[in-house]
Amino acid sequence: MDTQRLHPTAWTALLLTGLYAAAAALCSIFVSVYFWINSHDFGIVCSHYLALFTVTPFTFVLAGWYSQARERLHVYRLGLVLHAVYYGTLLLLRERAPAYAAELGALQGVTWGIYWAGANTFNFDVTREGKREFYFGLLQAVNGVFRLLGPLIGGFIIAVSPGTLQGFHSLFAISLGLYALSFAVSFKMPPDREPRPFRLRRALLPGRDQRDWRLIMLASFTLAGNQSVFAFLPGLLMYMETGDELSVGAYASLQALVGIVVALVLGRMVVPRNRAKSMRLGAWLLLVAGVVLSIKLSVATLIVFGMLRAVAAPMFGIPHVSLRLDTIAKSAEDPAQRIEYICAWEVPMALGRIAMMLILMGMYAWLRESGLGLRLAVLILCSTRLLTYALLRQTTALRRGAGL
């Protein structure tokens with residue numbers, strides 16, 4: 001690997017990403033299962049994530065303001081601390097956690113908003129235009145390694161523990177340690193203490209001179225649902241089909257293995273001129289995955305869905321992130337305004353998450369008896385990726401890359 005292609009602090013950023021991914025991979029896929037085991041109420045699981053998605057943008061914007069006024073590393077470290085608080089609270093509540101599902105979701109929303117405001121700034125700062133695909137391919141591969149190992153290890157720990165709930169509590173405790181280690185490593189990142197004004201309006205309400213950014217903002221609304229809901233729903237559906245935590249871990253790990261290979265290959269193959277082709281193929285592949293699962297919900301169709309989604313995610317995600325950051329670099333009047341654009345992008349994302357969660361909850365309640373509601377909701381979520389592509393396809397960079 002040619003290390004000269006990476007920013008000097010990129011390796012530290014990748015290490016931090018890896019530690020965070022390890023903690024998240026151990027626990028995040030099992031949180032929805034934990035609520036389900038203790039309540040057997042899909043509505044409680046949804047209320048947790050609806051509260052999470054609702055609170056996130058507000059704290060994201062506040063954290064962005066603080067990053068500009070004071071120090072981005074403070075925001076990042078506070079996000080790590082709050083992750084530890086979230087899992088520590090789950091440990092304290094134990095079987096009583098479902099009674100506080102919405103409150104815990106709000107706490108995690110605060111956590112996500114603060115953490116990602118810091119982490120996304122790092123990813124912008126350590127990449128360069130024209131070389132972002134390489135970095136984000138590597139970033140997704142690092143995430144993939146831990147998504148491969150974490151669920152398997154987590155499922156194994158739950159399986160061999162004296163009691164199922166004791167296994168969950170062990171996972172939450174291990175995550176606390178990983179967040180503490182991430183906190184220590186973050187001191188290797190260079191500080192950025194220069195105070196700057198926080199001018200959100202231009203980024204949040206782009207004018208005619210920011211056509212590309214306006215398209216990206218519109219696309220983020222359609223992107224949000226499948227990106228966020230699929231973080232927890234497939235694993236929960238697998239548990240509902242099998243009743244086995246180890247199968248959930250194996251399912252997530254198999255997807256991660258496929259994602260690692262695809263991300264590494266695409267990180268070297270995708271360049272600005274072929275971004276549109278990669279995104280188009282990824283969008284259609286995700287739709288095919290949704291069609292497969294909409295026909296019948298079973299272990300077999302869940303596996304096919306997971307494999308197709310594992311390929312589609314980096315095919316669309318790697319060029320999309322690079323396109324978004326390139327557009328921010330061109331739209332910002334001052335490079336220091338990057339955080340305003342990152343924060344602004346989170347607002348339509350949050351609205352999209354909320355809309356898709358309400359669709360999921362509504363479809364489940366409406367067609368609960370037949371079991372069709374969840375399958376149709378998945379199909380709707382997958383099909384919105386085509387709309388995302390149609391909007392992004394109109395940006396200057398993708399049109400030029402395709403020779404239009």
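Of note:
- Sorted fewest first by neighbouring Cβ atoms within 10 angstrom, Ile44, Ile328 come out as Ile44, Ile328.
- Taking other Cβ atoms within 10 Å as a rough exposure proxy, Asp212, Asp334, Asp326, Asp41 sort from fewest to most as Asp334, Asp41, Asp326, Asp212.
- Think of segment 63-200 as a dipole: +1 on every Lys or Arg Cβ, -1 on every Asp or Glu Cβ, centred on the Cα centre; then among Pro191, Ser175, Phe134, Pro191 lies furthest on the positive end.
- Contour excess over end-to-end distance, with Cα ends at Glu95 and Leu367 and 0.36 nm allotted per residue: 95.0 nm
- From least to most packed, judged by other beta carbons within 10 angstrom and beginning with the fewest, Trp345, Trp116 follow the order Trp116, Trp345.
- About its Cα centre, segment 32-188 has a charge dipole of approximately 360 debye under the convention of +1 per Lys or Arg Cβ and -1 per Asp or Glu Cβ, with nothing else charged.
- Highest to lowest packing among 137-143, 90-96, scored as the average C-beta count within 10 Å: 137-143, 90-96
- Highest mobility in the GNM of the chain, judged by mean-square fluctuation with C-alpha springs under 10 Å and restricted to Leu351, Leu392, Leu372, is found for Leu372.
- Per-residue extension of 0.36 nm, minus the Cα-Cα distance of Asp41 and Leu264, leaves a gain of 76.4 nm for this segment.
- Segment 220-238 residues near the modelled Ile295 label - backbone nitrogen below 20 Å, point 7 Å along Cα→Cβ: 234, 238
- From its DSSP helices (H runs of at least four residues, each -39,500 (n - 2.57)), the chain gives a residue-normalised ellipticity at 222 nm of -28000 deg cm²/dmol.
- Relative packing of peptides 171-178, 79-86 - highest average C-beta neighbours within 10 Å first: 79-86, 171-178
- With the cut-off at under 19 Å, measuring from each backbone N in segment 98-123 to a point 7 Å along the Cα-to-Cβ line of Leu358 picks out 102, 106.
- Springs between Cα atoms under 10 Å define the GNM used for the chain, and in it the highest mean-square fluctuation of Arg275, Arg77, Arg199 occurs at Arg199.
- ³J(HN,Hα) computed for each position of segment 217-228 - Karplus, 6.51 cos²θ - 1.76 cosθ + 1.60, integer Hz, glycine/proline x: 5, 5, 5, 5, 4, 6, 6, 4, x, 5, 5, 8
- For segment 77-89, Karplus couplings with θ = phi - 60° (6.51, -1.76, 1.60), whole Hz, Gly/Pro x: 5, 4, x, 5, 4, 5, 4, 4, 5, 4, 6, x, 5
- Label positions at Val304 and Arg70, each projected 7 Å from the Cα along the C-beta direction, are separated by 5.3 nm.
Read-outs throughout are calculated quantities, based only on the coordinates presented, and are distinct from any laboratory measurement. Here the structure is a predicted model, which means the values were calculated and not measured. So basically every Cβ, Gly included, is an ideal-geometry build from the backbone, and we count neighbours across all protein chains shown.
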